[in-house]
Every structure is written in structure tokens, then in C-alpha cells.
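Peer 1: This structure is in C-alpha cells; I'll ask about it shortly.
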Amino acid sequence: MPPPLGRPLPDLDSPLGDPRDDEGRLVAALGARSAEGGLEPVTLARRAPAPDDVEILIEFCGLCHSDVHSTRGEWGSANYPLVPGHEIVGRVLRVGPAVTDFAVGDRVGVGCMVDSCRECEACEDGLEQYCSRGMVGTYGATDVRHGNERTQGGYARTVVVDRNYVLRVPESLDPAAAAPLLCAGITTYSPLRHAGVEAGDDVGVVGLGGLGHMAVKLAKAMGATVTVFTTLESKRQAAAALGADRVVNSRDEEQMRDASDSVDVIIDTVAAPHDLNALLRTLRRDGVIYQLGLPSGEMPPVDPGLLIRKRAAYAGSLIGGIAETQEMLDFCAEHSLTSDIELVGAEQVNQAFDRMVAGDVKYRFVLDNSTLQPAGKEADA
């Protein structure tokens, strides 16, 4: 028997009513059954909440490009059926008896991880994303703490997550537009904070997609002057609309020469192979490039002389820890920052995936989870 739980929300704003079956476990979801078949309705079995668990009615879930890679098997073999989604915003449905910091009805979020070892140096430092034993991803991972179940993500009506990995989403933020903050927001916020960006600094942003547009917004809110580096002249107006102070066409040698020694920190969001040497020349002494996009092929070699002559650095950064993610959400609430989104229903997700691949989105798709429909009575994911 599951432990006694808090009362469910009395009024669920969903055409499905209470999304759970009579036992509170089976819910409608959208998942992939193969690498080629696209996403389709599936019925997902969630575990009964344990004492430290929070059960969440998912209102919205962002569509991340990593969801495309994962469901289409582009990052290696996947266990199907696979329900993606790690930019989750919703309301608390039930809490376990040991949970005192969340209550039924609270608006909460879940990002890219749902557990970690909690014992290694990284976890003790609040950097769970760098857990030496490997963080437990929100989907497609093995959750050792909960019976080795395979995690399934946020393209579903509910999710059950340990309270230590649940975030509080400020009520002042639009919940749909806040969903991408759980990935795109924290992924760009973390390196900006690590670099100590503040008023008077100059920040460069490479690429103006889901990550890049949040990097511009966050850096501006921190008081920085922002330069967007792009290969597309068509992005010039869009970058300015987001608050960029300068736009540089990185294919224009004259514009790149004019940008030499002009920025302190570069947030590189491009996930395709590209030449870093021209970007390194735009750094001032002690400048740093943070690589956030994970290129699918080999990058051109970096000239070490460009690093040596400026004491420059080329670094990577992976999302952020739980405490830092909460800090980011509170910062966004303070500065009224959310992602620019296009809301889609369940029937539009496959088309949205294709549009993401084509770069046809400004700047994030978000799923309205109330549009998910049951696939049947038997659990098949």
C-alpha cells in the first residue's frame, strides 16, 4: 500500500479531468516507439509517490532539440517506448508524508535531472549535474533509487519526482513561457554566473536560437553590453529586438576585425562544427568562451597561440545544479524574463520536431499537456 498522501487538486483545469486512472498510476503521454516512427499517444505507468516524492500535474513541457536527437536515436540506441521532455511546469497533485516544502496546488518545475548520488563532491557542492556517478536524467535513464525504473519525461499528464529535484516556479511567470527556463534558461545562466558577469561587462552570444535568445536576455538583465555573432544577416533585427547592443556577421571578415578585443565572455550555443579562432580574437585578455552547443562532428582545431597570448580560456558548461536553477527562476521573476515561445498541441509535436531541425522556431516550442489523449487502458511505456 502506498503511504498516505495529500489530497489531490479539487479542480483540474484539463479536458480530461483527473488525468490518472483509479489507481493513480496510468496517464496519457506522447512517446516514440522506434527511431523512425515519430511520436504517438502512449499510456504511461507512473510509480506511486514515495514519502519524499512530489506528484505533479504537468501543464506545459518545452520541446528541446535534445528530445529530437533522443527519440530519433541520433545519440545512439534508445530504449523504446521513450517519452521525452525535461522542461516541465505544473501544479502539485499529491505529496508524500515526508514532504514539507511543497503543498498541493503549488506551481513547480522539473528540469533535466531527477536524481544524483547525493554523496560525491559535486553533489555536496550543489553541482548535481556533474555527479561523479552520473546524474539521473528526466527521461531515458535508470533510476537506481526507485527500483531501477526507466525514467520517462514530461510529454505526459503527470510525473512523480523526488522533492530534492523539484523547483518552485514563481507565480509571476507565465507558466508556458517559463518551461524552457528549466533547460535553455539554466544552461545559459550558469556560465554567465560562473564568469561573474555584471554591469559594465561585454558578453558575446554565438547563435540566436533557443539557448542564444535566453543568453541575450539574461546577460542584459545582469547589466552587460551584448554582442550577437551570427552567420545570418536576417538575424540582425531579431537580435536587436531581444536587446542586443551590437550584431556582428561572423562571416564578414571586416566586421570580425572590428570586433577584435571587444568582449569578455562568449556564450557559444552553436551545435554544428565551426571555427573558434575568429571568435577567440574578439576576446579581451582573460576572456573565456563557454561552449554550450554540442557539435555533431569534429570542430576545426584551435590555435593555442590565441589562448596563450591573451590568457584566454575555452570551457564547457552543463545545465546547472538544483540550487542554481532555483536562483535562475527567481532572477527571471525579478526581471520579468521568460522564453519566447510557440505553444503547440499534442497533434502538432511531430511537425514541431521537423521545424526545430529546420530552424523554423522563435525561439522555443512548448507543449500544452492538456491536449494529450489516452492511448488505451494498458500501460505500454
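Peer 1: Can you work out which of the residues in the stretch 32-81 that are out of contact with any helix residue (DSSP H, G or I) (no Cβ under 8 Å at 6 or more places or on another chain), open to solvent by 30 Å² or more (accessible area, probe 1.4 Å) and assigned to a strand (DSSP E or B) is nearest to F365 (Cα to Cα)?
Peer 2: E40
Peer 1: Could you grab me the full set of residues in the stretch 165-201 that are outside the structural domain of Y139 (by the TED database) and open to solvent by 30 Å² or more (accessible area, probe 1.4 Å)?
Peer 2: Answer for the stretch 165-201, where residues must be outside the structural domain of Y139 (by the TED database) and open to solvent by 30 Å² or more (accessible area, probe 1.4 Å): R193, H194, A195, G196, E198, A199, G200, D201.
Peer 1: Please count how many residues of the stretch 348-367 are open to solvent by 40 Å² or more (accessible area, probe 1.4 Å) and outside any loop (DSSP other than H, G, I, E, B).
Peer 2: First, the residues of the stretch 348-367 that are open to solvent by 40 Å² or more (accessible area, probe 1.4 Å): 348, 350-351, 354-355, 357-360, 362.
This time we only want the ones that are outside any loop (DSSP other than H, G, I, E, B), so: 348, 350-351, 354-355, 357.
Of the residues in that region, 6 qualify.
Peer 1: Residues R145, R94: which one is open to solvent by 30 Å² or more (accessible area, probe 1.4 Å), in contact with a strand residue (DSSP E or B) (Cβ under 8 Å, 6 or more places away or on another chain) and part of a strand (DSSP E or B)? First the steps, then the outcome.
Peer 2: Working: R145 fails: part of a strand (DSSP E or B).
Every option except R94 fails the conditions.
Peer 1: If you don't mind, another one. Applying the selection to the stretch 108-136, what residues are within 26 Å of R91 (Cα to Cα), open to solvent by less than 40 Å² (accessible area, probe 1.4 Å) and touching a helix residue (DSSP H, G or I) at 6+ places or on another chain (Cβ under 9 Å)?
Peer 2: Correct list: G109, V110, G111, C112, M113, V114, D115, S116, G126, E128, Q129, V136.
Peer 1: Moving on to the next point. Of everything in the stretch 252-286, what is part of a loop (DSSP other than H, G, I, E, B), open to solvent by 20 Å² or more (accessible area, probe 1.4 Å) and over 25 Å from G223 (Cα atoms)? Give them in sequence order.
Peer 2: D252, A271, A272, P273, H274, D275
The values are calculated or read from the model by the stated rules, or taken from the named source; none is laboratory data. If you're wondering where the values come from, they're calculated on a predicted model, not measured in any experiment. Please note: Cβ atoms are built from the backbone with ideal geometry, for glycine as well, and neighbour counts cover all protein chains shown. Please note that ligands, DNA and RNA were not included when accessible areas were found on the heavy atoms of the full protein model with its side chains. Shrake-Rupley method; radii C 1.70, N 1.55, O 1.52, S 1.80 Å.
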